[in-house]
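Some notes on the structure that comes next.
The values are calculated or read from the model by the stated rules, or taken from the named source; none is laboratory data. Quick caveat: nothing in here was measured; it's all calculated off a predicted structure. Reconstructed Cβ throughout: ideal geometry from the backbone, glycine too, with neighbour counts over all protein chains shown.
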Amino acid sequence: MEEEEVLEEVLEEVLEEEEVMEEMLEEEEMLEEEEEVMEEMLEEEVMEEMLEEEEVMEEMLEEEEVMEEMLEEEEVL
C-alpha cells in the first residue's frame, strides 16, 4: 500500500510539473506573438519614415528645380 501512495505522489508531482511546463510554453508562445506584432509595427514605422524622407527629398528636388529656373531667368535678363 505504501508503494502505491508513493507512486501516486510521484504521479501528482509529474502532472504538476507538466502543467507548469504547459503554462511556460503558453507564455512563451504569447511572447513570440507579441514580438511578431512589435516587429510588424516597427517595420511599418520604418516604411512610414522612409516614405516621409522620400517626400522631403522630392520637395527639395522641386525647390531646386524652381531655383534653377529662377537662375536661368535671371541670366536671360
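Quick notes on this one:
- Some residue of the stretch 37-57 being assigned to a helix (DSSP H, G or I) and either more than 28 Å from the chain's Cα centre (by Cα) or in contact (Cβ under 8 Å) with a residue 40 or more places away in the chain (or both): no
- Pair list, Cβ under 9 Å, 6 or more apart: the stretch 4-24 residue β-branched (Val, Ile, Thr), other residue surrounded by 10 or more Cβ atoms within 10 Å (Cβ to Cβ) and modelled with pLDDT of 95 or more: none
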